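Following: one structure in structure tokens, then a few remarks.
The values are calculated or read from the model by the stated rules, or taken from the named source; none is laboratory data. None of these values were measured; they are calculated from a predicted model. Cβ atoms come from the backbone with ideal geometry, glycine included; neighbour counts cover every protein chain shown. For accessibility, only protein heavy atoms count, side chains too; no ligands or nucleic acids. Shrake-Rupley method; radii C 1.70, N 1.55, O 1.52, S 1.80 Å.
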Amino acid sequence: MTKAPANVPVNVFEDASEAATWNRIEGEWRPLFGSYFKEGLSVEYHNFRSRGPLRWHESFHSDSFEICLNWSGSGTITTDQNRLEIAPKTVAYYFPQDGRLDAVRREEEQHTFVTLELSREYLHRLFSGDESQLQPWLREYLGGKVRPRHFALAEPMPPSVQRLFPNWSKPPVLKAAQGLWYQSRVLEIISLLLFDPGASGEMFCTRQQRLARERVDKIKAMLEKDLANPPNMEQMGRVIGCSAPYLSRIFSSEMSMTMPQYLRQLRLEKAARLLREGRHNVTEAAYEVGYNSLSHFSKAFYETFGCCPGLYPQGAKLFAGQER
């Protein structure tokens, strides 16, 4: 069943092909902000499971530029020159030119993603004619041509964009402020993804500092993904493309702590949260975050929070009551 916000009329779809696509899903489709045909900008939220392969391209608008922030679920985009795999935690960019672009979402998967549909005119207005710092393929589109003609590419979703994703469906602001919130998020996504770092002329030292921060963000995301079984330095180095000693050095410099210290902090913070929520006992919380020794866990927990983990939930509730 397709759902729309209570204040949006039933005929929220901007054209018949879009309606035909999203009326077939089991889950949720929602316009969040804007109108592609009226404003040249549309932001939509999708969270669904499809019984069969979903011909996703039937919802695309010809001659638009679309950014897909793909959180979960997979599929393909096929152009006249290549076939692109869309995986979880990726960002996909594509230009549906003249309807000759095929996109399919795989069946029996949970698909959660946000799409930003942008018109050529909207982007021209946004950049005010100064497009020299944009990604080369976007400059070609804005200049009236795309090579290859039906263009699509995908890249891993940067940690800076991943951090923004959870709030798209439920903005942390009052309803009256949601339009401003979505507008600011669209501009933030554009500023993070559509500019070419190589075109900025940044100084070598500045570029190195930026790259170091980006690599540290990737390390943090990899550690947070599975606290119980985190990748080792060599594995992270292979993914990021750097040596293990270099990663250790830039992490310590950026975070003012070593990687093992940071991992320990993450584990204990998560364990404390599990204990506060009351659904895990001490043993379960310790194993959940990667401790195999209860004595080591209890010692580390006491050093961090000043009490043993068995007493922590009661102490946390008492402290919260005193704060109120």
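FRET efficiency for the Ser62 to Asn167 pair, using the beta carbon distance and R₀ = 35 Å, is estimated at 0.70. For Leu84, the residues whose modelled amide H falls within less than 5 Å of its own, excluding neighbours fewer than 5 places apart on the same chain, are Ile77, Thr78, Thr79.
Spacing of the modelled spin labels on Met222 and Arg238, each 7 Å from Cα toward Cβ, amounts to 1.0 nm. The fraction of accessible area contributed by carbon and sulfur in the stretch 30-182 is 50 percent, rounded to a whole number (1.4 Å probe; ligands and nucleic acids excluded). Taking the Kirkwood radius as Rh and the Cα radius of gyration as Rg, the stretch 150-293 has a ratio of Rg/Rh equal to 1.03. Counting protein heavy atoms only, the stretch 208-317 has 49 percent of its accessible area on carbon and sulfur, 1.4 angstrom probe. The stretch between Glu108 and Ser35, if pulled fully straight at 0.36 nm per residue, gains 23.3 nm over its current Cα-Cα span.
Taking the Cα centre of the stretch 36-149 as origin and assigning +1 to Lys and Arg Cβ atoms and -1 to Asp and Glu Cβ atoms, the resulting dipole is close to 160 debye. Students often get this wrong, so check it: of Lys175/Lys220; Lys170/Lys218; Lys38/Lys220; Lys218/Lys270, which have C-alpha atoms separated by over 31 Å? Going by Cα-Cα distance, Lys175/Lys220; Lys38/Lys220 fall outside the 31 Å limit.
Rolling a 1.4 Å probe over the protein heavy atoms gives the stretch 148-307 an accessible area of 58 Å² per residue.
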